[in-house]
Structure formats: C-alpha cells, structure tokens
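Since the structure comes first, as structure tokens, the remarks are kept for the end.
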Amino acid sequence: MDDIIDLPSLAAELLDRARQSSSGRAAKQVYAVGPLRAVVIGLTEGGQLAEHNAPPAATLQCVTGNARLVAGDRSWVLTPGQLVAIPPERHSVDALSDCALLLSVAADTPPTPVEEAIAAG
C-alpha cells in the first residue's frame, strides 16, 4: 500500500457517516494483505459493537473520543492514542463518547470484513 492514511481525517469522516446512520456506526477497511486487516470504526456515543468472538490476534486503538472494551469480567477504557490487545475471548465495545477506533486483526484465515459485520450487527 503506497498511500498514507490520515487517521484523524478518516475518523471525522466516519463519525459523520455514523451520525447519519440509524445504527450509529460506520467503518472502513484501510489495509488488507494476507491475514492482516486494519479497519477504522466510527461509533456514536452510546453505540456498541455487541459481544462477539475474538480473532486469534487483534488490537484496538482509540483515535478520537472514548471507548470501553469489555471481555468477561474485565474492561479497559481507551482514550485517544491508547492501544490495547483484545483478549482471545468474547468481547464487546461501548462508545463512551463519539469515538473512532483502529482495529487491527491477524488471523490464519481472513475474517469477514469488519465493515460487513458492523453493517449486519
């Protein structure tokens, strides 16, 4: 991939789309090669990515706003610039404010594109 992605600009664009969506979510895959995927997700305050299975390896980085990752009885509040490894168990994400998140996933087999899963959920 030769293009540089301006995460703050993309975050603003996705948040605008999320605000116009009845689901309060929008996403765009920004990188996909082999088993590695990177997706930017915009969520409006109060929005959620409902509990779902974890891929073999993934991280979640907060670009703007605040979000909470919940896995079992543990949770992590993310603020801009913070990154957390997603534990390999069922988890969910809550938007504590309008937020944009960078999800990076590595899997032996490419997962369903996250933007499709978000649109369906």
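The values are calculated or read from the model by the stated rules, or taken from the named source; none is laboratory data. Small disclaimer: the values here were computed from a predicted structure and weren't measured. Note that we place each Cβ from the backbone using ideal geometry, even for glycine, and neighbour counts take in every protein chain shown.
Observations on the structure shown:
- Among residues of the range 71-99, those that are under 26 Å from ARG17 (Cβ atoms) and of a type in the set (Gly, Ala, Ser), counted: 4
- Residue check for PRO87: farther than 23 Å from ALA107 by Cβ and part of a loop (DSSP other than H, G, I, E, B): no
- Residue count for the range 1-30 satisfying the condition of being closer than 13 Å to LEU102 by Cα, part of a helix (DSSP H, G or I) and among the charged types (D, E, K, R): 0.
- In the range 48-69, the residues that are in contact (Cβ under 8 Å) with a residue 24 or more places away in the chain and over 13 Å from ILE86 (Cβ atoms) form Cβ pairs under 9 Å with partners that are part of a strand (DSSP E or B) and among the acidic types (Asp, Glu), at six or more places apart or across chains, as follows: GLN48/ASP94.
- Qualifying residue in the range 34-44 (condition: over 18 Å from SER104 (Cα atoms), modelled with pLDDT of 95 or more and part of a helix (DSSP H, G or I)): no
- Qualifying residue in the range 45-57 (condition: modelled with pLDDT of 95 or more and within 12 Å of the chain's Cα centre (by Cα)): no
- In the range 50-75, the residues that are out of contact with any Lys or Arg (no Cβ under 7 Å at 6 or more places or on another chain) and over 19 Å from ALA106 (Cα atoms): ALA50, VAL63, THR64, GLY65, ASN66, ALA67, ARG68, VAL70, GLY72, ASP73, ARG74
- Residue, farthest from GLY65 (Cα to Cα), within the range 84-99, restricted to residues that are of a type in the set (D, E, K, R) and crowded, with 16+ Cβ neighbours inside 10 Å: ASP94
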